[in-house]
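Computed from the coordinates by the stated procedures, all read-outs in this text should not be read as laboratory data. Please read all numbers here as calculations on a predicted model, not as lab measurements. When we count neighbours, we look across all protein chains shown, and the Cβ atoms used for this are built from the backbone with ideal geometry, even at glycine.
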């Protein structure tokens, strides 16, 4: 049976020592988030994840969700009780304004707890995760009536939320969507159509479900300019605001999937279901994008989360499994064989995974803090700068953390040999669950195109220029620090490669946009290397400083971080030049084939 | 529903034009294998794979194998009938000497058919695949009585074979195995013990099963020097040589696995089962290695086979799925959107996969032809040279084709977006099935160690030196050929990197073997790049020659190959320098951590 221990100590080190979150204490919520309170919240969240949610992960995968003949959906045994505990603890409202019954803490705290929950049980974590995304969209775009009606119950978790975008014939290209909204003259609409791949589309956890649905109002323009966003409750609300009669929303079927079996992925049928407009007519995509940015960061974290839990279990196995001898002579002479962790190739795998995980955790936290600043700051310049960074980094976090997170689960599974392929050991579930994160919330190829095609040129390249300036200034500041030699070498080289790749796009992609498309995935991963290398360097600086300051018993633990950072620079960073080489070849070869030649 | 079309035209081009198999017509079997006959055999094998075996792939995955309360095992519906067709067609005996009822064709032909079968249905292909491996071991090591008793029925396929190595506490480290063999004084032994992960361990396809079992004869030395190989039939043979009473062999359970559900992976219990020694006492590993080399090549091909079928289906989807528009303006203006194959990033994925597949196919065929030469040649020098190449390349083919083959199935699945994650589309099965090939027959980390620790230093480095000489001479021969510019550049650079890495090992791994272990996986993949680059250059030469000779209507098809080869050199080869950089960092960083620090 796999196990999981939430990395609270790592999180606190990153928050306090590496990212210095206390510098934001001028922002609402941050002042209240004292170090002691943050530590208490994280420890409680860790306990909930480890003790309540994680034990349901394997059985949830095996048993999955069931759609009954009457159209109702049952989640795996134990999910209902665990969700009830989640509601009772009030986790869902942690970062929601107090006005709606929340606790008004920084969003970053919820984001961190999402990591723990996803490591413990990704399928379970998706239920509150989607609710959080739906709340984010309503908070920004809905009118007060809708907010007052729906948010308080979503904050407690008594009601959950979903996102309804995809239809059978359109996913990425939402301009083609066909779901209709007919105005009823009383401000409401009747929504009709079919949506597919709706995560958490139905379940037996909550009293009501608040579906956010993209649809086209009768007579609206074709394409993406005629799409509106609606709130469509599963059950209509009665005069007291309680769930009453059904609203024409039904589950056509549950998909049989590769993984995340504990979450019901539904085909949803809307049959003249009453819905209410969120935001402006025909501006639904804009409203949905708020939700999608939150969601994309959250999905990136799912990749890291599976990588983390897979790592932890692989370490346990590598220490327990005795097989063969060290290449340099027996390390365990009194036993029949050495544990496989004596082998460099086993360590290579473990350190590849962990050196990624630690920097990836820093990266999503750093990005999320920028998200908090962009929402909360009163300083317009700071707000804009953080919003730029958040927009630029979102596709990188989503794409890189899920691609690499998946690769890492595969590597961790590999250390188990044949046992890795057997269900009872749990490693193959991590692989199957991690796989979805590369696909949903915009497949990673779409993330790469978003980065290269939208985020780079936006506002005359303001965001990428700010990024180069920030990392460049950081390098300049620390260049003389001898302790950082290997870090500086790796970070400088990768930054240089990223700048060269950006320049190459500027020179070539204007003439031929396919030249940007051809290099987009490599560019996203090259960007990821720079970002992760930047985080590692920040971690190293903090670790060195703490060691010098007297490490309070953390010295070995901090030195391990320095070793992991060195490993990352030596072993992972060399990929940078290969990305640049590929980007620089452009699109000519790949576009020269007729479609028929494939 | 996924589909499959066996690449017969590609195979014939590789056999005849690229690898010139007809030059071996002096060897037994090759003379009979005329081009017309080979073409007829491949077409018939393709038809069998496409029409009989492939349609059972998805249902086989879904239904899987069943162990009944009486211990018998049932394969998925249709497998029995398909296997019967296999037996009736005589496929199992294609490359077995006529003396045992076979057709005496080159082994390479069977190896090629194995690719088709695995693409069609890997779980099914494993049943005859394991029989082929068992026959190979018996042919080389068993005495005439055993050969005469078992081979003829295995050749027809009426009986099947298995390999029994792994025990719960030992897989890679067979020296620890505990299964006992008690001599009965009549030349037979009683075998007792438990084996796990036994593919095709039981089924309802064949009259009898010939288990090859590693066990320790009472009083034999500990460790690997006390292991012997036994033939243990599922049912004892009666006086007429027909299967009679049960032999104490039973299936304890069937493993629940990530994939290959159509193949029963069994826990096998041997309870005083009568067995017969194969080869010499205590030399069982040597005998088993024959089987394992065959099997490793076969498993490498499984990786390619899943990559091939995943590619074919991804191409179909990429042409069918309309979504969004080309970056350079609508290509399909009369429709609502363009097919996604207009996108460079989609083509990048498709060409990455296919440019691998075509070179990987050439590589396994080239290696297999060396296997044929090493078995059949009368010229001792030629025999040894081919044997060296076969030994050197076996871990490369196994490790690289399965690692990359798996990655490719994941990339192909990705092109389907959400549909890739849904079982009915079949793509996620390719991923789950491909995953096992990286693990069994020696996990890929073990292959890398075999390459670096055993194959490189063997006989004073004779094999690797011969390899460098061959590729070096090839480069010299073709260096002036302007048409090969991009190929020569890529191949030369990667060869240089491989030579530098080899030199680095020589200088460092003698002092510290961990320095070899730390770079072993990168070395294996670097070797793979050189080998695949070598194959692409051979393909390009053959394609250019055929185009000049008048291509018989194949001109476009051959030009596509040249484009794919160019893509491989531009986009895949740059990885070479990253491998070298990693190898050159050695083991210091990764060995500096205590096990407790992980």
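Worth pointing out:
- Dividing the radius of gyration of the alpha carbons in chain A by their Kirkwood radius gives 0.97 for Rg/Rh.
- Rounded to the nearest 10 degrees, the inclination of helix B:284-320 to the longest alpha-carbon principal axis of chain B is 40 degrees.
- Given their separation in residues at 0.36 nm each and the Cα-Cα distance between them, residue A:380 and residue A:218 gain 54.4 nm when the chain is fully extended.
- Using alpha-carbon coordinates, inclination of helix B:144-156 to the longest axis of chain B, degrees: 50 degrees
- Distance between the C-alpha centres of the range B:415-470 and the range A:542-572: 35 Å, rounded to the whole angstrom.
- Per-residue shielding of A:569-581, expressed as the average number of other chain Cβ atoms within 10 Å of the residue Cβ, stands at 5.
- Whole-Å distance, taken between Cα centres, linking the range A:12-68 and the range A:258-337: 15 Å
- 0 to 90° range, to nearest 10: angle between helix A:555-567 axis and chain A longest Cα axis: 90 degrees
- Counting only DSSP H runs of at least 4 residues, each contributing -39500 (n - 2.57), and dividing by the residue count of chain A, the helix-based mean residue ellipticity at 222 nm comes to -17500 deg cm²/dmol.
- Residue of chain B whose Cβ sits closest to the axis mapping B onto A, with distance in whole Å: B:578, 2
- Listed peptides A:427-438, A:133-144 by packing density, highest first (mean Cβ within 10 Å): A:427-438, A:133-144
- With its label point put 7 Å out from Cα toward Cβ, residue B:489 sits 2.8 nm from the same residue's point in the other copies, in order from shortest.
- In the assembly of identical copies, residue A:101 has its label point, taken 7 Å from Cα in the direction of the beta carbon, separated from the corresponding points by 7.6 nm (ascending, one decimal).
- Extent along principal axes [Cα atoms of the range A:443-592; Å; largest to smallest]: 60, 28, 28
- Here residue B:225 yields copy-to-copy label distances, from shortest upward, of 8.4 nm, the label point defined as 7 Å from Cα along Cα to C-beta.
- Per principal axis, descending, Cα span of the protein assembly as shown in whole Å: 89, 69, 65
- Relative packing of peptides B:223-231, B:196-204 - highest average C-beta neighbours within 10 Å first: B:196-204, B:223-231
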